[in-house]
Amino acid sequence: MKCISILIADDEKEIADLIAIHLGKEGYHVIKVSDGLEALHVIQTQSIDLLILDIMMPKMDGYEVTRHIREQYNMPIIFLSAKTSDFDKVHGLVIGADDYMTKPFTPIELVARVNAQLRRFTTLNQPKTNKSHLVFGGLVISPDQRAVTLYGENIELTPKEFDILYLLASHPKKVYSVENIFLQVWGDAYFVGGNTVMVHIRTLRKKLKEDKQKNKLIKTVWGVGYTFNG
């Protein structure tokens, strides 16, 4: 059975050591680095299953590390940061993080979130299902390949943007509340303000070129949530 490898990128040695101890007790293989560039190097040269990432680090901050990772890799990323504002949390989730915890934190909760992200990631990437394409005019959503095309043009979506689109498109006309979207896409009842979902919807609409369409694919139901108008 493959040993799951977790990378901890944090320049505070005491925190990294504490996390490593608790994850080691769970049977995970833990690698520790203290700056962003080193984190990228490890990811490019070793098999990493999940990344715990601080934001304020030397050489390259966590935001930039995440942007580079999302260009090539698909792995759960948990931000662990002293930044506590809703803006920082939403920004971290929007650029590609799967979860966001603030310092100080309890190791037990962090381990629980690691386990939850790994379970969800494994479930999403199991090849056992053969889901059919969703086709709405020129829009084609391919869940097995996690690919989207619009009139033959590939549309590059982040993992969370794809999950939101697939959730809505799988049940056209059904209205999803912001809280429900967050729960189903992020896989956690923990909710950091409605802006997280709203910003993802906004960028998704832009990529789907909805500003050039008279009939919007993703419709806002004011005071309730969002629905797919396919």
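Read-outs throughout are calculated quantities, based only on the coordinates presented, and are distinct from any laboratory measurement. Owing to the predicted nature of the structure, the values given are computational and were not obtained by experimental measurement. Glycine also receives a Cβ, built like all others from the backbone with ideal geometry; neighbour counts cover every protein chain displayed.
Note on residue 106 and residue 61: the extension gain reaches 13.9 nm, defined as 0.36 nm multiplied by sequence separation minus the Cα-Cα distance. Each of 161, 109, 210 was scored by other Cβ atoms within 10 Å of its Cβ. Arranged with the fewest first, they read 109, 210, 161. The simple Förster model, with R0 at 41 Å and r as the Cβ-Cβ distance, assigns residue 46 and residue 207 a FRET efficiency of 0.80.
Ratio to report: Rg/Rh of region 1-72, with Cα atoms as the point set and Rh obtained by the Kirkwood method; give two decimals. Display every interim value, and only then the final one.
Numbers: Rg = 11.7 Å, Rh = 12.2 Å.
Using Cα coordinates only, the ratio equals 0.96.
Could you work out the relative contact order of region 134-228, using alpha carbon pairs under 8 angstrom and six or more residues apart, expressed as a whole percent? If you can, show how the numbers build up before the last one.
Values: 106 pairs, mean separation 25.8, N = 95.
Averaging sequence separation for qualifying contacts and normalising by length gives 27 percent for region 134-228.
Between residue 198 and residue 86, the distance separating the two model label sites (each 7 Å from Cα on the Cα→Cβ line) works out to 0.8 nm.
Express the relative contact order of region 5-124 as a whole percentage, based on alpha carbon pairs under 8 Å and six or more residues apart in sequence. Numbers along the way, then the final one.
Details: 187 pairs, mean separation 27.9, N = 120.
RCO, region 5-124: 23 percent.
Counted over region 44-169, the DSSP beta bridges are approximately 55% antiparallel.
Which entries in the list 25/89; 25/83; 83/219; 32/206; 89/209; 32/83 go over 31 Å, if you measure between the two C-alpha atoms of each? The partial results should precede the final answer.
Working: 25/89 28 Å; 25/83 28 Å; 83/219 33 Å; 32/206 38 Å; 89/209 27 Å; 32/83 21 Å.
The pairs that break the limit, which is 31 Å between Cα atoms, are 83/219; 32/206.
Each label point was placed 7 Å from the Cα along the Cα-to-Cβ direction; for residue 26 and residue 11 their separation is 2.6 nm.
Between residue 222 and residue 144, the contour length at 0.36 nm per residue exceeds the Cα-Cα span by 24.9 nm.
Classify region 5-124 as rounded, prolate or oblate from the Cα gyration tensor: take a ≥ b ≥ c as the square roots of its eigenvalues, call it rounded if a/c is under 1.5, otherwise prolate when a/b beats b/c and oblate if not. Intermediate results must be reported in sequence, preceding the final value.
Working: a/c = 1.14, a/b = 1.08, b/c = 1.06.
It comes out rounded by the Cα gyration axes.
The relative contact order of the chain, computed from alpha carbon pairs under 8 Å that lie at least 6 residues apart in sequence, is 14 percent.
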